[in-house]
Amino acid sequence: MEAEEKQFEEADVIIVGCGVAGLYCALNLPLGKKIAIITKASAQECDSYLAQGGICMLRDEADYDTYYQDTMRAGHFENNPESVDIMIRSSRDVIRDLLCYGVRFARAADGSLQFTREGAHSRERILFHDDITGKEITSRLLSTVRKLPNVTLYEHVTMLDILKGNGASGSRCTGVVVSCGKRSPLARYRCASTLDGKAIVRMKAPHVVWACGGIGGLYEHSTNYPHLTGDALGIALRHNIPLQDPDYIQIHPTTLYTGRTGERSFLISESVRGEGGILLGKDKQRFTDELQPRDVVAAAIHARMQKDGMPHVWLSMERIPQQVILTHFRHIYEKCLEEGWDCTKEPIPVVPAQHYFMGGVAVDSWSRTSLAGLYAAGETSCNGVHGKNRLASNSLLESLVFAKRAAQDIIAEGCVPDVTEEPFNAQSYIDTEKLAAQYREAALAEIQRMRLYHEQHIA
């Protein structure tokens, strides 16, 4: 049947998002499955590219207990113990995979992997590539995915909703509804034209994986890309798919202060403090232990800013050898120079900003949501690994581990039961901007509701 006749795109698996979770999920699926990956912006505009510090790895069996306790302590012991165990136990296999994909982690003089330490870690267990570890990992995965004959990547495509069907075993996700520009290859399947000239398209698949990032675009000051607006959260609420801890939002203690608003905040990696960076007040005196969990350090910075009547504090790298700054933190050094600061000679102004979303769409240990056929991985999901506050450099690892488990579960499911699809009305998606605003408002309202609930519950 011709594409113009059937009016929808078909695949075996649709992955929404092309950060490390989406890409690694695709790489762990069989070549015999037709995979469609959609992303809201360009493939490079995902937060995985922005991760600076590194990725954790279990050093050896003797490291297990301390790694586990570090993760639990940072999360205020609200973590899911099973998820934490799975992540830690899976870390060495994930790192082996990344090395096979060509990821160039830093090496010691003897050629062995080099490790660094970050806040709230009791020892060095973080692998890195300069201060652009996320870019190194994500670009290698993306390059590998682009070579797969069974994967098609569609950029500048926005998910508007999911498709559902009903069968003997209950309700099931059967695909997604998206909008795209008229020049997109998907536009040939358009159901109707939106008010802004975009096409509305159905994409059908028995398995859908949400790997579409966090909620930074909902905030005025965030290290995230502005197009990451929690779209999956609003869609989940619309279909009564449970969320977990949507008010657990991490503020990163140190982003470069510029005094400008309306732009993405530039992250000053946790590794800077792990390598010896210290925080100073207006009087240029140290005021806190920089290696505490992020929420504790961020609170200390806010308190100091209020005391000093300043919009920032200072971060000094005076204890870090200049050569380390120019190699390990080369991109941070260059960005600071662009803003008029030489971090090898003077402290730089830093301020906390929204950074990471510990909550998300509730999933089990195989990344399954409450709706059959629908998975969530990465920052979109919440499997309980991070608890109330994420341990530094666990994000890339957690995304990769549970994206792979989603792929494994998709493979294990085998034959998918027949379902009768629910009626589809393209007209209900005509005003896509209004629909997106409604989803954002729903997500924010749920975040606020849960914040108030937790405050009352604790009180």
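Of the listed requirements (1) exposed (fewer than 14 other Cβ atoms within 10 Å of the Cβ); (2) part of a helix (DSSP H, G or I); (3) at pLDDT below 95, Pro423 misses just one: (2). Residue count for segment 386-420 under the criterion of being touching a Phe, Trp or Tyr at 6+ places or on another chain (Cβ under 8 Å) and not in a helix (DSSP H, G or I): the result is 5. Can you confirm whether Val361 is hydrophobic (A, V, I, L, M, F, W, C), outside any loop (DSSP other than H, G, I, E, B) and surrounded by 20 or more Cβ atoms within 10 Å (Cβ to Cβ)? Here the answer is yes, as Val361 does meet what is asked. Here segment 403-420 is the region considered, the condition is being buried (at least 16 other Cβ atoms within 10 Å of the Cβ) and among the β-branched types (Val, Ile, Thr), and the residue that is nearest to the chain's Cα centre (by Cα) is Ile410. Of all residue pairs spaced 6 or more apart or on separate chains, those with beta-carbon atoms under 6 Å, a first member in segment 139-164 that is touching a residue at least 40 places away in the same chain (Cβ under 8 Å) and a second member that is surrounded by fewer than 20 Cβ atoms within 10 Å (Cβ to Cβ) and assigned to a strand (DSSP E or B) are Lys164/Ser171.
Could you list all residues from segment 223-267 that are part of a strand (DSSP E or B) and either among the basic types (Lys, Arg) or closer than 16 Å to Gln354 by Cα (or both)? If you could, list the steps in order and put the result at the bottom.
Kept after step one, since they are part of a strand (DSSP E or B), are these residues of segment 223-267: 243-244, 249-256, 267.
Those that are part of a strand (DSSP E or B) and either among the basic types (Lys, Arg) or closer than 16 Å to Gln354 by Cα (or both): Ile249, Gln250, Ile251, His252, Pro253, Thr254, Thr255, Leu256, Leu267.
Scanning segment 293-313 turns up no residue that is in a loop (DSSP other than H, G, I, E, B), crowded, with 17+ Cβ neighbours inside 10 Å, at pLDDT 95 or above and touching a Ser or Thr at 6+ places or on another chain (Cβ under 7 Å). Looking at this structure, is Tyr101 under 24 Å from Lys135 (Cβ atoms), modelled with pLDDT under 95 and touching a helix residue (DSSP H, G or I) at 6+ places or on another chain (Cβ under 6 Å)? No; evaluated as a whole, the condition is false for this residue. As a summary of the residue check, Cys212 satisfies the conditions (1) within 30 Å of Ser271 (Cα to Cα); (2) open to solvent by 40 Å² or more (accessible area, probe 1.4 Å) except for the one numbered (2).
Of all the numbered requirements in (1) more than 17 Å from Val208 (Cα to Cα); (2) open to solvent by less than 40 Å² (accessible area, probe 1.4 Å), Glu433 misses one, and that requirement is (2).
Looking at (1) at pLDDT below 95; (2) open to solvent by less than 10 Å² (accessible area, probe 1.4 Å); (3) within 13 Å of the chain's Cα centre (by Cα), which one does Ala353 not meet, given that it meets all the others? Failing condition for Ala353: (3).
Being β-branched (Val, Ile, Thr) and either open to solvent by 10 Å² or more (accessible area, probe 1.4 Å) or over 14 Å from Gly360 (Cβ atoms) (or both) is the filter here, so list the residues in segment 215-228 that pass it. Full working, then the answer.
So in segment 215-228, the residues β-branched (Val, Ile, Thr) come out as 215, 223.
Scanning segment 215-228 gives a single hit, Thr223.
Only a single criterion out of (1) surrounded by 20 or more Cβ atoms within 10 Å (Cβ to Cβ); (2) in contact with a strand residue (DSSP E or B) (Cβ under 6 Å, 6 or more places away or on another chain); (3) hydroxyl-bearing (Ser, Thr, Tyr) is not satisfied by Thr152, namely (1). Per this entry, Leu337 is counted among residues that are of a type outside the set (Gly, Ala, Ser), open to solvent by 50 Å² or more (accessible area, probe 1.4 Å), in a helix (DSSP H, G or I) and under 16 Å from Thr255 (Cα atoms). Each residue in segment 257-274 was checked for being open to solvent by 10 Å² or more (accessible area, probe 1.4 Å) and in contact with a Ser or Thr (Cβ under 8 Å, 6 or more places away or on another chain), and 5 pass. Residue-level check: of (1) open to solvent by 40 Å² or more (accessible area, probe 1.4 Å); (2) in a helix (DSSP H, G or I); (3) at pLDDT 95 or above, Lys345 misses just (2).
Only one of the numbered conditions (1) modelled with pLDDT of 95 or more; (2) assigned to a loop (DSSP other than H, G, I, E, B) is violated by Lys182, and that is (1).
Here is a yes/no grid of residues against (1) assigned to a loop (DSSP other than H, G, I, E, B); (2) touching a strand residue (DSSP E or B) at 6+ places or on another chain (Cβ under 7 Å); (3) open to solvent by less than 10 Å² (accessible area, probe 1.4 Å); (4) over 20 Å from Asp47 (Cα atoms):
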| residue | (1), (2), (3), (4) |
| --- | --- |
| Ile88 | no, no, yes, yes |
| Arg92 | no, no, no, yes |
| Arg96 | no, no, no, yes |
| Asp130 | yes, no, no, no |
| Arg140 | no, no, no, no |
| Leu148 | yes, no, no, yes |
| Thr158 | no, yes, no, no |
| Cys173 | no, yes, yes, yes |
| Val176 | no, yes, yes, yes |
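If the condition is being free of Cβ contacts under 8 Å to residues at least 60 places away in the same chain and either open to solvent by less than 60 Å² (accessible area, probe 1.4 Å) or not polar (S, T, N, Q) (or both), then segment 62-86 contributes Ala62, Tyr64, Asp65, Thr66, Tyr67, Tyr68, Pro81, Asp85.
Among the residues making up segment 104-128, those that are open to solvent by 30 Å² or more (accessible area, probe 1.4 Å) and either under 30 Å from Ile278 (Cβ atoms) or touching a helix residue (DSSP H, G or I) at 6+ places or on another chain (Cβ under 9 Å) (or both) are Arg104, Arg107, Ala108, Ala109, Ser112, Leu113, Gln114, Phe115, Arg117, Ser122, Arg123, Glu124. When the criteria are applied in full, Asp110 fails the requirement of being within 26 Å of Tyr333 (Cα to Cα), outside any strand (DSSP E or B) and not aromatic (Phe, Trp, Tyr).
The values are calculated or read from the model by the stated rules, or taken from the named source; none is laboratory data. Nothing here was measured: the structure is a model prediction, and the numbers come from that model. When we count neighbours, we look across all protein chains shown, and the Cβ atoms used for this are built from the backbone with ideal geometry, even at glycine. What goes into the accessible areas is simple: the full protein's heavy atoms, side chains included, and nothing from ligands, DNA or RNA. Shrake-Rupley method; radii C 1.70, N 1.55, O 1.52, S 1.80 Å.
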